[in-house]
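Asker: Pasting a structure here, questions to come.
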Amino acid sequence: MFVAEIIGTVVATEKDPNLLGITLLIVQPLDEERLPKGSPIVAADTVGIGVGELGLCTGGREAAMALPKPFVPVDCAVVGIVDNLDVEREKIS
Amino acid sequence: MMLGKVIGTVNSTLKHEALKGSTLLLVQPLSEALAFKGVPFVAVDTVQAGVGATVLVGREGGSARMAMGNDQAPVHAAIFGIVDFVKDQKIK
């Protein structure tokens, strides 16, 4: 699971029937300093997150489990809206 | 499974049903020499690990769901234990 910034949306009318009704977002994975890390990917939205917000994303098989139908061709899903990402430097030096 | 150090917390009130009530921690993967190696990721805490703790963490959905006790949870990483010793090297 990782924290990512929502940077855009994807609209696809011709797609796998299982993907109907699922909002597709473009997410940019971030590191602990909220700096972009790695390339943006497309994720399914399950919490009604907006562009510009910080989302908690799950990858792999579990992403499909976040959606109403279990067998959906999705490998990344936004499962939470991050209110606060807090790194406590003094405790880990 | 791998060694990790808890470096922070992630708060999310609006989240998936199955994640309600679970604590989300930011984990920095460690090498066997306990040096920071790799990009931090988010894991569900099942052992009440605090920030700064060296932990045993798994980055695979099946075991993470088992640790959470909910096989429908969209969870891909979970903390399974708090580490005291690594190769007779005491963990401060």
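The values are calculated or read from the model by the stated rules, or taken from the named source; none is laboratory data. As the structure is a computational prediction, the values presented were derived from the model and not from experiment. Virtual Cβ from ideal backbone geometry, glycine too; neighbours counted across all protein chains shown. With ligands, DNA and RNA removed, areas are computed over all heavy atoms of the protein, side chains included. Shrake-Rupley method; radii C 1.70, N 1.55, O 1.52, S 1.80 Å.
Asker: Among the residues of region A:34-56, write down those that are more than 18 Å from B:Arg65 (Cβ to Cβ) and within 7 Å of chain B (Cβ to nearest Cβ). Walk me through how you get there before you give the answer.
Answerer: Quick first cut of region A:34-56, residues more than 18 Å from B:Arg65 (Cβ to Cβ) only: A:34-45, A:47-55.
Result: A:Lys37, A:Val47.
Asker: Starting from residues that are out of contact with any strand residue (DSSP E or B) (no Cβ under 7 Å at 6 or more places or on another chain) and not aliphatic (A, V, I, L, M), keep the ones in region B:11-31 and report whichever is farthest from A:Leu54 (Cα to Cα).
Answerer: B:Ser31
Asker: When you go through A:Gly80, A:Gly59 one by one, which is the residue that is open to solvent by less than 20 Å² (accessible area, probe 1.4 Å) and either at pLDDT 95 or above or more than 7 Å from chain B (Cβ to nearest Cβ) (or both)?
Answerer: The match here is A:Gly80.
Asker: Same structure, new question: Which of the residues that make up region B:11-51 are at the interface with chain A (Cβ under 7 Å from one of its Cβ atoms) and more than 12 Å from the chain's Cα centre (by Cα)?
Answerer: B:Asn11, B:Ser12, B:Thr13, B:Leu14, B:Lys15, B:His16, B:Leu19, B:Val39 - these are the residues of region B:11-51 that are at the interface with chain A (Cβ under 7 Å from one of its Cβ atoms) and more than 12 Å from the chain's Cα centre (by Cα).
Asker: Here is a list: A:Val47, A:Val10, A:Val27. Which entry is open to solvent by 20 Å² or more (accessible area, probe 1.4 Å), more than 22 Å from B:Thr23 (Cβ to Cβ) and not acidic (Asp, Glu)?
Answerer: A:Val10 is the lone residue from the list that is open to solvent by 20 Å² or more (accessible area, probe 1.4 Å), more than 22 Å from B:Thr23 (Cβ to Cβ) and not acidic (Asp, Glu).
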